[in-house]
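Nothing in this text is a laboratory measurement; each read-out follows from the coordinates by a stated rule. A quick note: this is a predicted structure, and the numbers were derived from the prediction, not measured. We place every Cβ from the backbone using ideal geometry, glycine too, and count neighbours over all the protein chains shown.
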Amino acid sequence: MNVILLGAPGAGKGTQAKELAARRGLVQLSTGDMLRGAVKAGTEIGKKAKAIMDRGDLVPDEVVVGIISERIDQPDCANGVILDGFPRTLEQASALDRVLTEKRKKLDAVIELKVDDSKLIERIVGRFTCAKCGEGYHDRFKRPQVRGVCDVCESTEFTRRPDDNAETVTRRLMVYYRETSPLIGYYYCKGNLKSVDGMAEIPDVLASLEAALDARK
Ligand code: AMP
């Protein structure tokens, strides 16, 4: 099963994709995570992407399409993937259609996570992750049980994304509305769009996502 999670930055795509992938035996493919990995590793792509990402703009379509097209060919993706943060432009969406057709795969569902703008900003500015295992936290909504210690792996090192600041978030939201929100119409017209209330608590959103996947025609 191949699924796209659509939604603005901070809508909860990453959190939900991770859990959903684990439950359904799928692989989470986050272009944001892959690009951050490239930046950290100092690859050519990473070097070019860093400034763009720090500004909150989009990395060129051909770069992310290339990354996804290669990754989706790996054997671990044979059972299906959850795309998180891709596609983000109409060009990427039609490239994805082409890539899937070429590889004799199909898109089974596109689910939009709906969250109010005020909540998005509140969620993004305040989030941090464990530097070791990647568990996500938030200054107000999900603090580690023991201050400064990761609940999952007990590491005491945490990181914050350089683009998770109020100024860049505003830019990322603008880019989302201009470039990515037209995809809602694109997939609606194709007949495979579903919407889920992303304002609810994490387990409730997950339950709605599972119900949406199970209710597929
Ligand atoms: P994310 O982790 O999904 O919020 O992505 C972080 C940043 O990576 C974005 O603000 C973009 O600069 C870049 N990025 C991630 N996915 C894409 C994509 N599909 N197309 C273009 N840029 C992307």
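Go through the range 63-85 and give me each residue that's in contact (Cβ under 8 Å) with a residue 24 or more places away in the chain, β-branched (Val, Ile, Thr) and within 11 Å of the ligand (Cβ to nearest atom). Selection gives Val64, Val65, Ile67, Ile68. Please go through the range 178-204 and pick out each residue that is within 15 Å of the ligand (Cβ to nearest atom) and under 16 Å from the mean Cα position of the chain (by Cα). Answer for the range 178-204, where residues must be within 15 Å of the ligand (Cβ to nearest atom) and under 16 Å from the mean Cα position of the chain (by Cα): Glu179, Thr180, Ser181, Leu183, Gly198.
If you go through the range 18-34 and keep only what is small (Gly, Ala, Ser), in a helix (DSSP H, G or I) and more than 10 Å from the ligand (Cβ to nearest atom), you end up with Ala21, Ala22. Comparison of Arg178, Arg171, Arg123 shows that the only residue that is part of a helix (DSSP H, G or I), surrounded by fewer than 17 Cβ atoms within 10 Å (Cβ to Cβ) and touching a Gly at 6+ places or on another chain (Cβ under 8 Å) is Arg171. Looking across the range 35-62 at every residue that is within 11 Å of the ligand (Cβ to nearest atom) and not in a helix (DSSP H, G or I), the one that is surrounded by the fewest Cβ atoms within 10 Å (Cβ to Cβ) is identified as Pro60.
Counting the residues of the range 63-96 that are in a loop (DSSP other than H, G, I, E, B) and within 17 Å of the chain's Cα centre (by Cα) gives 7. Please indicate, with yes or no, whether at least one residue in the range 93-116 is among the charged types (D, E, K, R) and within 13 Å of the ligand (Cβ to nearest atom). Scanning the range 93-116 turns up no residue that is among the charged types (D, E, K, R) and within 13 Å of the ligand (Cβ to nearest atom).
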